[in-house]
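Only one structure is covered here, and it is reproduced in the block below.
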Amino acid sequence: MEAPLYPDFPLDPSTPRDGQPAFWVGPRHMAGDDGRLYDANADTLSGLGWTSLTIVRGRHEPDEAPEDRQVLRSTVLHISPDALRWAQWSLADEPFHLGELPIAWQISARADTSSPLAQWSAYFTTDVPGEAVTDFLVALDARDQPAVPLAGPELVLDAVAAHGWLRDSDQPQAAATDPTFTSHISLGEVPPLIQDADPLALTTEADEAGPAGWQAWAEPALGAPCLWAASFGASVPHDLVAVFAASLSSTAPVLRRVLPEATQERLLRVPAI
């Protein structure tokens, strides 16, 4: 599972996309986002009928030509038809970091439109496989009540175990890893700045554990920088996290032209003809 099937077909990230060959690759959790983490999911949301709003912040001087305007920050917000769920592409908007990687997508939901605050939020950095984020968004869109839990946490670990991931021997009910020990998913205290409506997030003392949420990440080598990371607030329904986990751990190959430098030598790949 670790050697390229076709090592004579290089995947050079510096080559323009139009000039690159396409490959079917696996495992998915190490395949990166192909540089299309925004496009793939924005197209999905458009197909689901979500409205997109682009916010551009910049500096515009009098008599300045539009092409000379200095754009300082920008973000794209996608809102569902019922306004109960939204997805924000914040990579261009000076995002905060997760696992030392910039947050690319922040996905949120609320119980009703009477409150402007999200009930929960989920965060995805660059190089999270786009298929897993897409499946999460589709499942979120299909829910009548996006903030109501429908299942327990065991559903998440069952999803990855069905694809051969190994439960942690010390925390079999809270953590699992893929057979190569590269990617992990764990239920535990959420990192700082992860938004959630759980009141415990606001009342926890400095020496107390906060509310538990799911975290997932890929670490190509022990002590190496993370390839990607995902964080789910404590109130994210477990069944939605399970959809993400099932897609992330899927053994089905994915189409890629650009592979992460940290993992490309560990991926199986077959030219897509």
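Each row is one residue, and each column tells you yes or no for (1) out of contact with any Leu (no Cβ under 7 Å at 6 or more places or on another chain); (2) not hydroxyl-bearing (Ser, Thr, Tyr).
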position: Phe96; (1), (2): no, yes
position: Gln106; (1), (2): yes, yes
position: Ser114; (1), (2): yes, no
position: Gln119; (1), (2): yes, yes
position: Ala139; (1), (2): no, yes
position: Arg143; (1), (2): yes, yes
position: Leu150; (1), (2): yes, yes
position: His163; (1), (2): yes, yes
position: Pro172; (1), (2): yes, yes
Scanning the stretch 208-264 for residues that are charged (D, E, K, R) and in contact (Cβ under 8 Å) with a residue 24 or more places away in the chain gives Glu219, Asp239, Arg256, Arg257, Glu261
Within the stretch 108-162, restricting to residues that are free of Cβ contacts under 8 Å to residues at least 12 places away in the same chain and in a loop (DSSP other than H, G, I, E, B), the one that is surrounded by the most Cβ atoms within 10 Å (Cβ to Cβ) is Ser115
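Each value in this text was obtained by applying a stated rule to the coordinates, not by laboratory testing. What you see is a predicted model, and the numbers here were worked out from it, not measured in a lab. Because the Cβ atoms are built from the backbone with ideal geometry, glycine has one as well, and the counts that use them run over all protein chains shown.
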